[in-house]
Every structure is written in structure tokens, then in C-alpha cells.
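The values are calculated or read from the model by the stated rules, or taken from the named source; none is laboratory data. Since we're looking at a predicted model, the values are computed, not measured. A quick note on method: Cβ atoms are made from the backbone with ideal geometry, for glycine too, and the neighbour counts reach across all protein chains shown. Ligands, DNA and RNA are excluded from the accessible area calculation, which covers all protein heavy atoms including side chains. Shrake-Rupley method; radii C 1.70, N 1.55, O 1.52, S 1.80 Å.
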Amino acid sequence: MKALLRMVRSTDDMASCIEVLHNLDAYLDGEINDQRTARRIAAHLDVCRRCGMKAETIAELKSSLRRLAPTVDPNALDRLRRFARGLQSEQGADDR
Amino acid sequence: MPAICIPGNVGASNSVERSGLTRAGNSQAAVTGFVHVFRGEMTINQDRDRVAEFEQHVVPYLDILLRVALALTRNYADAEDLVQDTLLRAYRGIDRFDGRYPRAWLLTILRRAHINRNRRQRPVLVADQDAALRELAATSDGSDDPERLVVANKFDGAVADAFYALPESFRQVVELVDISGLGYQEAATVLSIPIGTVMSRLHRARIRMKKRLFNDGYTREGKR
């Protein structure tokens, strides 16, 4: 009950804790297309410590996972670029 | 001399008709020639357009295509082959592409190419993609797994452990969204699953990773 009372309630300018928790993944993934909803969530995260911590944890997790991204082999990219250009130049040769 | 006149008339008539036909024929030939020239020009113009569109809509996405191909194949050589296959299909199909959302279009092509390659390699149709991907992952010995890089940072190491401990179906969604940077819809396209499934798997995967990090003392917040 105390936890419920601590929850930030929804207003026109600010989302409630429940709304934020429901949309937190999508918000942090940049998947909230409605600007008003995004602004209301941002306003909530500025003032609610509990939700702010949750958001921070997910954001840190995302940053860390991003660093796991494999380094794309530049030679492989070069080969693919050549392959792509090859397709185009073959067409060019056909034109001539 | 009707006998002579008639043929003459006929001849004249034929001649007129022939000349008419000839004119029509010439005219037709001219039209046909024009059409050929026109079509030729159109073909050349279309081909030029195709090259330009390919350059504009496909080449800039080579990097992300290779990353996603790596996530699907878990092998550099296979990933490169898959992207080449995708490029070929994209080049052939670019006439039918409306120019909107090129990344999503390319990812759809990559996905189909990946499924077709699996079908070619395996005689049985791939009914359960997750099972197929689990199998693909299991057949990899890990030595060429691009994600298994040395992670110096302790937190990053713990996150990597939590990530690799995920079930394959969760791990793939995290890999596409958090590591490769795809949107929900793009990940859904690549994995041929509904967008809602992407969202729920991502959410559940994050809960699992957070719990593990919390239990290992890396975060203060481990629940939902």
C-alpha cells in the first residue's frame, strides 16, 4: 500500500508510474512515436526516483550490450562494396 | 479490254493498296522503330535509375546488413555470403521497390535469403525458426563467434555473461535490437515474428539479465 502511495500519479503533463513501467522499454528503445507520451514519460523520470533507477539500469544495460557489437571486418565490408559496385558496373557494361 | 483492264485495275488497286499498305507499313515500321528506340532509351534510363537507386538505397546499409547476417549465421563467411545473396536479390528487385524504408526492405530480403539458404542446406523445411537458429548456434564451435570478444570492463563482462546465458530466442531479439540497433518492427521482420513477440521477449530478456546482474552485485535494481 505504501508502495502504491509512493507512486507518482498521472497528470496532463506527466505519466504515472504504471504508464512509465508499461512503456519504459519502448521509450528507451526510441519506439514511442507519440511526442506527447514521450514528453510525459521524460517528465516523470525527472522526478520519480524509483522509475528513474529502473530507466538508468536499462540504459546502462543497453550501453553495455552495444559495446558487445562485433567489430565488422573492414575487409569484408570492402569486398561487399566491390560486389555491389560489380553488380552496377555489369549493368553499365550491358548498356554499352 | 476488260480482261486486261481488270487486272490493271486490280493491279492499280493493289498498287494503291500496296502503297497504302507500304505507307502503313512504313508508318508502322517507323512507329515500331520509334518504340524500339523509345524502349531502348527507357531500358537504358531504367538501368541508370536502377544503378542510382541501388547506390542510394542499398550501398549505405552494407554495414547493418553484415551485422544482422552475423547475428543470423554466427559465422563470418556465411554472413558475407548471405549479404552477397541479399545484394543480388535487391539489385534484381529494385525496380519494384518504392523507395520507402530501404532498411526494412533490405532486411526482409535478407531474411528470405537466409530462409532459402537454410532450406537448400537442409532437406526438411524449417518450421521452427528458433529451433533452426538454436541448431545453427549449436553447430558453431564458438571459435569464430564474433561476439565472443575479450571484454575488459567488469560490468561489460557480467552483461556479456548474462546475455550469453539467455535462451536463444531471447538472445536473438536482444542481439538485433540492443546490439545491432534495429527497431522493433525491423527485428520482427528479420525473425518473422509479430512485433508484440519482439517486445515481450525483449522485456523478459532484460528482466533475466537484470536479475543476474543484481544477484552478482552489479546493479541495485534487479526486478521489473
Checklist entry - Which one of these does residue A:19 not meet: (1) open to solvent by less than 40 Å² (accessible area, probe 1.4 Å); (2) more than 15 Å from the chain's Cα centre (by Cα); (3) under 23 Å from residue B:198 (Cβ atoms)? => result (1)
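Pick from B:63, B:81: which is free of Cβ contacts under 8 Å to residues at least 60 places away in the same chain and either open to solvent by less than 10 Å² (accessible area, probe 1.4 Å) or closer than 17 Å to residue B:116 by Cα (or both)?
B:81 is the lone residue from the list that is free of Cβ contacts under 8 Å to residues at least 60 places away in the same chain and either open to solvent by less than 10 Å² (accessible area, probe 1.4 Å) or closer than 17 Å to residue B:116 by Cα (or both).
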Checklist entry - Does residue B:199 satisfy the criteria of being open to solvent by 20 Å² or more (accessible area, probe 1.4 Å), of a type outside the set (D, E, K, R) and either more than 7 Å from every other protein chain (Cβ to nearest Cβ) or part of a helix (DSSP H, G or I) (or both)? => result yes
Next on the checklist: Every residue in the range A:79-88 that is open to solvent by less than 70 Å² (accessible area, probe 1.4 Å) and more than 8 Å from chain B (Cβ to nearest Cβ), please.
Outcome noted: A:86
Next on the checklist: Restricting to the range B:164-179, give me the number of residues that are crowded, with 24+ Cβ neighbours inside 10 Å and within 12 Å of chain A (Cβ to nearest Cβ).
Outcome noted: 6
Checklist outcome for this item: Residues of the range A:51-73 being more than 7 Å from chain B (Cβ to nearest Cβ) and at pLDDT below 90, in sequence order, are A:71
Item to check | Some residue of the range B:151-160 being open to solvent by 60 Å² or more (accessible area, probe 1.4 Å), of a type in the set (A, V, I, L, M) and at pLDDT below 95 | outcome: yes
Next on the checklist: I'm told residue B:99 meets every condition in (1) modelled with pLDDT under 85; (2) within 13 Å of the chain's Cα centre (by Cα) except one. Can you identify the failing condition by its number?
Outcome noted: (2)
Next on the checklist: Can you pull out every residue in the range B:98-121 that is among the aromatic types (Phe, Trp, Tyr) and surrounded by fewer than 18 Cβ atoms within 10 Å (Cβ to Cβ)?
Outcome noted: B:101
Checklist entry - Quick check: anything in the range B:102-111 at the interface with another protein chain (Cβ under 9 Å from one of its Cβ atoms) and either at pLDDT 90 or above or in a helix (DSSP H, G or I) (or both)? => result no
